[in-house]
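Here the structure is laid out as structure tokens; the discussion comes afterwards.
Readers should treat all values here as calculations from the given coordinates under stated rules, not as data from a laboratory. All figures in this text were calculated on a predicted structure; none of them were measured in a lab. Glycine gets a Cβ as well: all are built from the backbone with ideal geometry, and neighbour counts include every protein chain shown.
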Amino acid sequence: MTGSDAAPPYQLLIKQLLLTPLAHAPTQEIVYRDLVRYDYRTFRDRIGRLASGLAALGVGFGDTVAVMDWDSHRYLECFFGVPMMGAVLQTVNVRLNPEQILYTLNHAGPKVLLVNSEFFSIVDEIKDRLETVEAFVLISDDPVDDARAPVAFATDYEKMISSSSADYEFAEFDENTRATTFYTTGTTGLPKGVYFTHRQLVLHTMADLATFGTSA
């Protein structure tokens with residue numbers, strides 16, 4: 001087919017990776033330490049709530065959202081929810097020193113920064129030199145004394161999830177849209193930024209599935 005009769009191309013977007021587990025393994029569990037356990041239905045619900053909460057903070061298509069957290073269920077939610085909005089997820093390299101972290105944040109230009117309370121000391125050192133961050137979101141596995149907070153947080157991650165709508169409509173867009181960005185360790189000069197598109201991440205995931213799926 002040609003012209004107006006041609007079918008639109010199928011876009012390889014991160015949101016398509018949720019179709020199989022939701023259809024065939026909706027009760028499969030996601031586990032974070034001994035703290036959190038939920039299934040894929042809840043996972044999809046929380047992704048929608050995350051997107052709604054970030055949108056309320058002003059995040060839109062093409063904006064960057066930075067995350068300073070450990071490898072948690074929240075990180076997994078951000079890896080889906082942020083790119084699925086058409087925004088870019090910056091996974092902050094917390095192994096860098098504060099000055100390098102400041103450089104990467106100002107270079108990537110996030111509008112919102114999600115911060116685990118364990119990184120308060122870093123944020124306290126760089127907060128006055130952040131050029132683009134308009135809102136901070138608190139992340140913590142334990143209650144946090146507000147007096148310890150180095151910045152005024154717009155909200156807490158779990159409060160944002162619980163108070164936001166799960167019915168966020170994730171739009172279709174070009175699969176070559178930037179999805180994530182990350183910075184190298186800067187062994188030669190300043191840290192270097194790299195990024196992945198939706199298409200690259202989906203194809204990488206499919207390659208992993210093919211590899212592990214053929215193993216006993």
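How much FRET efficiency would the formula 1/(1 + (r/R0)^6) give for ARG148 and LEU76, where r is the Cβ-Cβ distance and R0 is 35 Å, rounded to 0.05?
On the way: r = 26 Å, r/R0 = 0.76.
For R0 = 35 Å, the calculated efficiency reads 0.85.
Cα centroids of segment 168-216 and segment 40-63: how far apart, whole angstrom?
One Cα centre to the other: 19 Å.
Report the full-extension gain for the segment GLN28 to VAL194: residue separation times 0.36 nm, less the Cα-Cα distance, to one decimal in nm. Spell out each step's value before the answer.
Details: separation 166, 0.36 × 166 = 59.76 nm, distance 3.24 nm.
Result for the pair: 56.5 nm of gain on full extension.
How large is the dipole of the chain about the Cα centre if only Lys and Arg carry +1 and Asp and Glu carry -1, each at its Cβ, rounded to the nearest 20 debye?
Details: 17 positive and 28 negative charges, 77 e Å.
So the dipole magnitude of the chain works out to roughly 360 debye.
What is the local net charge at ARG199, summed over the other residues whose Cβ is closer than 10 Å to its Cβ (Lys, Arg +1; Asp, Glu -1)? Walk me through the numbers before you get to the answer.
Details: positive: none; negative: ASP174, GLU175.
Spelling it out: positives minus negatives among the neighbours equals -2.
In segment 166-214, which GluC sites (Glu not before Pro) are in a loop and have at most 14 other Cβ atoms within 10 Å, using DSSP for the loop call? Display every interim value, and only then the final one.
Values: sites: GLU169, GLU172, GLU175; in loops: GLU169, GLU172, GLU175.
Here the sparse-neighbourhood loop sites are GLU169, GLU172.
What FRET efficiency comes out for the pair LYS159/THR187, r = Cβ-Cβ distance, R0 = 41 Å, nearest 0.05? If you can, show how the numbers build up before the last one.
Details: r = 39 Å, r/R0 = 0.96.
Given R0 = 41 Å and the Cβ-Cβ separation, E is 0.55.
What number do you get for segment 41-97 when its Cα radius of gyration is normalised by 2.2 N^0.38 Å, N = residues? Write down the numbers at each step before the final one.
Working: Rg = 11.4 Å, N = 57, 2.2 N^0.38 = 10.2 Å.
Expressed relative to 2.2 N^0.38 Å, the Cα Rg reads 1.11.
Could you give the nm distance between label points at ASN93 and SER140, where each point is 7 Å from its Cα heading toward the beta carbon?
Distance between the two pseudo-spin positions: 2.9 nm.
Where a ≥ b ≥ c are the square roots of the eigenvalues of the C-alpha gyration tensor, would you call segment 32-73 rounded, which needs a/c under 1.5, or, failing that, prolate if a/b is larger than b/c, or oblate? Write down the numbers at each step before the final one.
Numbers: a/c = 3.15, a/b = 1.57, b/c = 2.00.
Because a/c hits 1.5 or more and a/b fails to exceed b/c, segment 32-73 counts as oblate.
Between the helical axis of 73-84 and the dominant principal axis of the chain, each derived from Cα atoms, what acute angle in degrees is found, rounded to the nearest 10?
60
Antiparallel as a % of all DSSP beta bridges within the chain, to the nearest 5? Don't skip to the end; give the middle numbers.
Numbers: 9 of 26 bridges.
Antiparallel bridges make up about 35 percent of those DSSP assigns within the chain.
With +1 on the Cβ of every Lys and Arg and -1 on the Cβ of every Asp and Glu, and nothing else charged, how large is the dipole of segment 112-216 about its Cα centre, in debye rounded to the nearest 20?
Working: 7 positive and 18 negative charges, 102 e Å.
Dipole of segment 112-216, to the nearest 20 debye: 500 debye.
With volume of the Cα convex hull per residue in Å³ defined as stated, name the option among (i) 172; (ii) 150; (iii) 131 computed from the structure displayed.
(i)
Give me the distance in nm between label points sitting 7 Å out from Cα along the Cα-to-Cβ direction at ALA210 and LYS127, one decimal.
About 4.9 nm separates the two model spin labels.
Only bridges whose two residues both fall in segment 100-216 count here: according to DSSP, what percent of them are antiparallel, nearest 5?
On the way: 5 of 12 bridges.
Around 40 percent antiparallel, to the nearest 5.
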